[in-house]
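Have a look at the structure below, then the notes.
The values are calculated or read from the model by the stated rules, or taken from the named source; none is laboratory data. Only a predicted model underlies this, so the values are computations on that prediction, with no experimental measurement involved. Neighbour counts are summed over all protein chains in view; Cβ atoms, including those assigned to glycine, are modelled from backbone coordinates with ideal geometry. Just the protein is used for accessible areas: all its heavy atoms, side chains included, with ligands, DNA and RNA removed. Shrake-Rupley method; radii C 1.70, N 1.55, O 1.52, S 1.80 Å.
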Amino acid sequence: MNNEDEFHDAVTGLDSDESCEGTSEASFKDAVVYDGAQKNNGAVPQENGIKKHRSSLPAPMFSRNDFSVWSILKKCIGLELSKITMPIVFNEPLSFLQRISEYMEHTYLIQKACSQSDSIERMQTVAAFAVSAVASQWDRTGKPFNPLLGETYELTREDQGFRLISEQVSHHPPISAFHTESLTGDFVFHGSIYPKLKFWGKSVEAEPKGTITLELYKHKEAYTWTNPFCCVHNIILGKLWIEQYGTVEIVNHSTGEKCVLNFKPCGMFGKELHRVEGYIQDKSKKKRCVIYGKWTECMWSIDPQVYEAHRKLEKKGTTDTKKQKQEEPEAVNEDADEMPEVQETVAVIPGSTLLWRISSRPPNSAEMYNFTNFSMTLNELEPGTEGVLAPTDCRLRPDIRAMENGNMGNEVIKTQNQPEKRRDWKRSREQLVKSWWFQLGTNPYTGSQDWLYTGGYFDRKYTDCPDIY
């Protein structure tokens, strides 16, 4: 048996999340807020004839206190982790394909961009959507299940106006492709994701790979970007916490405008924890606005000159405070990377415009893997649905279903011990000319390799789909 034939459930799909305090309402008092705030924003529909989605899981999460990953990871420092098997106890009851669908929690932002007439305003809204797409990771320390080769996930949300299909199109390297389209024909949102993970002793770093594309048909525009790096701290000892960092460039390929967002690392005193700061420039490279906030809370925009004037006053007023902090000795902890204290909520500069604000989580979120309202619904399997879904849909995976139901016993173990079935399916899959629903091609806007949707999934012709579970 060689490495290419092995099946490993855990680490490949790690897309974990961070910690942050709730947003303070007081911080918004000096700002200008857009009319028509968030529609539903992932919340459970309650009226107007729209289907009501569940607001809880069948069983709460279990304790991980009696388990340690050190025996598995101690030999992996500095290595890529996609082929390392991890205990199921560190998972959450979702497939990575379902985790990808959480990009759509704030679909109202795409719809808002479709309705805006000014291209700079559209770029602001698209930038807010790009930040909001990683917001569900806040405090999500469980990792999703790795999808099997050929596994799929579909999601139709009439209340939010979209439908999505995703598929695991490659096993080594693990690549997940997705395609989302508006139910009214306003947009498509698609991409292929290949997270590459490395273990650095106390932390796991996820390097984002793959291009994300948003097309707005009304404006004949296409935007592309990649996600920031994600680092999960205290894998071995201490409280898990996450930071995201790196530069994200969003390009409007139709107008030449660009948004550059800097997801800042937390820094020595944690002052930059969760902060995002950037700007939008037009095709002549003139800065048109500054964007700032936290990916765990909210994002704002402001005129560049006003922003720079405020920063100068801020730096002048904090010089003495910084000197005082530098004189204080820093505590050293060799056992764990303590999470810095979360600083005050975003200080809003007068005249700023609110682009996006995170929704509150359900009251039982802490007992439900820190899921959002939107996340709670993703593995819901309603009566009669099983006969409609493709047999490869991850809602039908018995290991994920067992974990969601609180059954960590024989059913999970039995499902985890089916490598022969998966290897046989992999060999037969390799003989096919193309993927079931996606094919490897070229992104028409970036020129890079991308897995593109070939269509036909929602025709419901699944007779040739294999039994991979």
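The table that follows gives values for the structure above.
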quantity: Long pairs among Lys143/Lys196; Lys218/Lys283; Lys220/Lys283; Lys258/Lys286; Lys286/Lys312; Lys143/Lys239, criterion Cα-Cα beyond 19 Å; calculated: Lys218/Lys283; Lys286/Lys312
quantity: Rounded accessible area of Lys294 (nearest 10 Å², 1.4 Å probe); calculated: 0
quantity: Cβ-Cβ FRET estimate between Ala366 and Lys52, R0 fixed at 25 Å, reported to 0.05; calculated: 0.60
quantity: Test item: Cα-centred dipole of the range 120-267, Lys/Arg +1 and Asp/Glu -1 on Cβ, debye; calculated: 540
quantity: Net length gained if the chain between Thr442 and His172 were fully extended (0.36 nm per residue, minus Cα distance); calculated: 95.2 nm
quantity: Val260 accessible area, assembled protein chains, probe 1.4 Å, Å²; calculated: 20
quantity: Centroid-to-centroid separation of the range 450-464 and the range 237-304 [C-alpha atoms, Å]; calculated: 36
